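Down below is the structure, laid out as structure tokens.
The values are calculated or read from the model by the stated rules, or taken from the named source; none is laboratory data. Treat the numbers as computed from the prediction; the structure is a model and nothing was measured. Neighbour counts run over all protein chains shown; Cβ positions are idealised from the backbone, glycine included. Side chains are part of the model used for accessible areas, which takes the heavy atoms of the whole protein and leaves out ligands, DNA and RNA. Shrake-Rupley method; radii C 1.70, N 1.55, O 1.52, S 1.80 Å.
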Amino acid sequence: MAGGCVLVYAVAPEGTTAREANDRLNEYVADQRRGLAVWHDHFVGVHGGAVVLDVRSDQEQALLDDPGPLAGWQLSVHPLTFSRSAVGFAAQTSFTLQRYRDVSLDELATAEPADARFWWQRKTA
């Protein structure tokens, strides 16, 4: 078992509604048996999305071959080179911003305009 983060790229079959695709992808992400869900997002236009999982056991590795709620979808699974863990994925994000754009995530957050669509800006009760 090599372990580390994998990117799962998933495209729903033709005729799948956006709501159904979002629900199926969220169900896949919520399945804790698949490893630590580090990141996910849904696609605009084509229905589907991508997930980064930190796979830490043989059982989690084996589930990469089981599409679960994404049966019938076009799935592509890619182990990541530098994101050897969830922490490594976060570090790679910071590294890429700093190295290739000379900016930190904190600087971007400070400069970001308020926007009701940005869920991460909402205060939680």
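For the reader, a short list of remarks on this structure follows.
- Alpha-carbon centroid distance for the pair the stretch 4-36 / the stretch 69-125, whole angstrom: 17
- The fraction of accessible area contributed by carbon and sulfur in the chain is 55 percent, rounded to a whole number (1.4 Å probe; ligands and nucleic acids excluded).
- Taking every alpha-carbon pair in the stretch 71-125 and binning the separations at 10 Å intervals from zero gives 18, 30, 32, 18, 1 percent.
- D_trans [Stokes-Einstein, Kirkwood Rh over alpha-carbon pairs] for the chain, 25 °C, 0.890 mPa s, µm² s⁻¹: 152
- Sparse-neighbour loop sites [chymotrypsin sites (Phe, Trp or Tyr not before Pro); the stretch 1-88; at most 15 other C-beta within 10 Å; DSSP]: F82
- Solvent-accessible surface of the stretch 46-125, averaged per residue with a 1.4 angstrom probe and all protein chains in place: 73 square angstrom.
- Once C-alpha pairs closer than 8 Å and six or more residues apart are averaged by separation and normalised to the residue number of the chain, the relative contact order reads 31 percent.
- Pairwise Cα separations in the stretch 34-86 fall into 10 Å bins from 0 onward with the following percentages, short to long: 21, 55, 22, 1.
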